[in-house]
1. So how many residues does segment 236-285 have that are assigned to a loop (DSSP other than H, G, I, E, B) and modelled with pLDDT of 75 or more?
2. What residue, among those in segment 121-135 that are out of contact with any Asp or Glu (no Cβ under 8 Å at 6 or more places or on another chain) and over 17 Å from Glu190 (Cβ atoms), is surrounded by the fewest Cβ atoms within 10 Å (Cβ to Cβ)?
3. Within segment 177-192, identify whether any single residue is in a loop (DSSP other than H, G, I, E, B) and among the hydrophobic types (A, V, I, L, M, F, W, C), and answer yes or no.
4. If the requirement is being at pLDDT 95 or above and either touching an Asp or Glu at 6+ places or on another chain (Cβ under 7 Å) or loosely packed, with under 14 Cβ neighbours inside 10 Å (or both), which of these qualifies: Lys231, Lys219?
5. When segment 182-216 is examined, which residues are found to be open to solvent by 60 Å² or more (accessible area, probe 1.4 Å) and under 30 Å from Thr148 (Cα atoms)?
6. Considering only segment 104-117, state which residues are within 18 Å of Glu224 (Cα to Cα) and surrounded by 19 or more Cβ atoms within 10 Å (Cβ to Cβ).
Amino acid sequence: LGKFNHQKENLYMKKIGILFLGLISAFSFSQNTRFVYQVSMKTDSTAAPKIENAYLDISTEKSIFYGEKRMKRDSTIRQAMETRNFNFDRNSMEQFRTAITYSIEKNHATKTISYKDRIARDQYWYDEDRTFNWKILPETVKIGEYETQKAETTFAGRKWFAWFTQDLPFIDGPYKFSGLPGLIVKVEDEKGDYSFDLKETKKIAELPNFESRFGNNIKVKRSEFLKQQEKFNKDPMSFFQNQGGGFAMRMGGNQNPQNEAERRKMMEERLKEEAKANNNPLEKN
């Protein structure tokens, strides 16, 4: 009986130890944490995939997913606005051209996923009205330093496979993906057009603020956002006219177009060409 009680006590102490380690792990990640993902995007079905880095910044209250180039671009524009230097070389901004123009914020308390993207000068945002119905599979694999398990779901017209780890105590992941019992380390669609792969983890002081400093922040339903986006792709300059031009129209820099009409024409052609090349978006429907 004494031996039985001793074994029972040892089992109890092991459970306490596991719980303690879990609490320590959760506490260590309760600070602001940045997960760096390498994102591969075949936005144009006729071209090679674009590869960029993106950040998933997580705090105790929320997380934000956004492109690395977007952050650097916004920082450059913010500095130009603060110094009122509107005539810097537009060619210098080419290095910040990105396919990840959006940011996605997840509220831990309300479980709300908010998608934000700029249309012309204004920033539109909507709350995601679809849910992820995950099927967790028995398959496991080690990715980097993490033991992961596979799951699958269908979302926005694509079938997705994800690998999550319970070593990182976050029910989160890149883009809108979330809802698995651990951080999503890798997720890719069935055709391999899009993939998100965790590459690095670091601590950060605070999460960024992507509230628009010029133009308006407009909340709409997802269906209305898609309508506005389609209208912009067909006639982008009408949006700039309705929104009063603004900083984006003054970024001519050293190109020195002969007149305003030429500058507008150049911008319109570029925007329409970009829309045409985006023939394989992440969300098909």
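1. Residues in segment 236-285 being assigned to a loop (DSSP other than H, G, I, E, B) and modelled with pLDDT of 75 or more: 7 in total.
2. Among those residues, the one meeting the criterion is Asp129.
3. Yes: segment 177-192 contains one or more residues that are in a loop (DSSP other than H, G, I, E, B) and among the hydrophobic types (A, V, I, L, M, F, W, C).
4. The unique qualifying residue is Lys219.
5. Within segment 182-216, Glu190, Lys191, Lys199, Glu200, Lys202, Lys203, Ala205, Glu206 meet the criteria.
6. Within segment 104-117, Ile104, Ile113, Tyr115, Lys116 meet the criteria.
The values are calculated or read from the model by the stated rules, or taken from the named source; none is laboratory data. The structure presented is a predicted model; accordingly, all values stated were derived computationally and were not measured. No Cβ is skipped: glycine too gets one built from the backbone with ideal geometry, and neighbour counts run over all protein chains shown. All accessible areas refer to the heavy atoms of the entire protein, side chains included, with ligands and DNA or RNA removed. Shrake-Rupley method; radii C 1.70, N 1.55, O 1.52, S 1.80 Å.
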